[in-house]
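Notes to accompany the following structure.
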Amino acid sequence: VVHTERFICKGGVDSGRLLDLSRKKLYMTAKAMGGNVLLDEQWDCRIRHPKLQKHEFKVTIHYSATVARSFFPDGQRPVGIEAAKGIKGLMTVLDRHAELWC
């Protein structure tokens, strides 16, 4: 399952928080498909700074995983979240759009 989300943020970017939101959305989709864990998780986070709007950022998160069933509970945390880099400041999400491919 592949999930792509686009955020418009103002003031800063907390990539870890945005990754967590994207993973939760992907996990909800996995549960609707009959799964209860996400395996082989991969993500990519890209931050762009528009030239005209000061302190606004376009963030695209591409998150993919394999849906499975397991007796062990899901970790409920994005893999490699420590590697997520953001932009310091108080983040306000102004807009959010999601796309999902199964």
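Just so you know, all these numbers are worked out from the coordinates, no wet-lab data involved. The shown structure was predicted, so the numbers you read here are calculated from the model rather than taken from an experiment. Counting neighbours? That spans all protein chains shown, and the Cβs are built from the backbone with ideal geometry, glycine included.
Pick from Lys54, Lys85, Lys24 the residue whose mean-square fluctuation is largest in a GNM of the chain, springs joining Cα atoms under 10 Å.
Lys54
Could you state the per residue volume, in Å³, of the convex hull enclosing the Cα atoms of region 28-102?
Here the figure is 122 Å³ per residue.
Among Gln53, Gln76, Gln42, which one moves the most in a GNM of the chain with springs linking Cα atoms closer than 10 Å?
The residue with the greatest mean-square fluctuation here is Gln53.
With everything on Cα atoms, drop me the angle between helix 15-32 and the longest principal axis of the chain, reported from 0 to 90° to the nearest 10.
30
Along the charge dipole of the chain, Cβ charges K/R +1 and D/E -1, which of Phe57, Ala32, Phe72 sits furthest on the positive end?
Of the listed residues, the answer is Phe57.
Run the dipole for region 2-101 about the Cα centre, Lys and Arg Cβ at +1, Asp and Glu Cβ at -1, nothing else charged, and hand back the magnitude in debye, nearest 20.
Around 380 debye, computed over region 2-101.
Principal axis lengths of region 1-43 from Cα atoms, whole Å, largest first?
Principal extents (largest minus smallest coordinate, Cα): 38, 17, 14 Å.
How far apart, in nm, are the 7 Å Cα→Cβ label points at Lys31 and Leu90?
For Lys31 paired with Leu90, the spin-label model returns 3.2 nm.
Could you line up Ile61, Ile81, Ile47 from fewest to most neighbouring Cβ atoms inside 10 Å?
Placing the least packed residue first, the sequence is Ile81, Ile47, Ile61.
Can you sort Glu82, Glu41, Glu99, Glu5 so the residue with the fewest Cβ neighbours within 10 Å comes first?
Ordered from fewest to most neighbouring Cβ atoms within 10 Å, Glu82, Glu41, Glu99, Glu5 come out as Glu82, Glu99, Glu41, Glu5.
In deg cm²/dmol and to the nearest 500, what is the mean residue ellipticity at 222 nm of the chain if only DSSP H runs of at least 4 residues count, each as -39500 (n - 2.57), divided by the residue total?
Calculated mean residue ellipticity at 222 nm is -6000 deg cm²/dmol.
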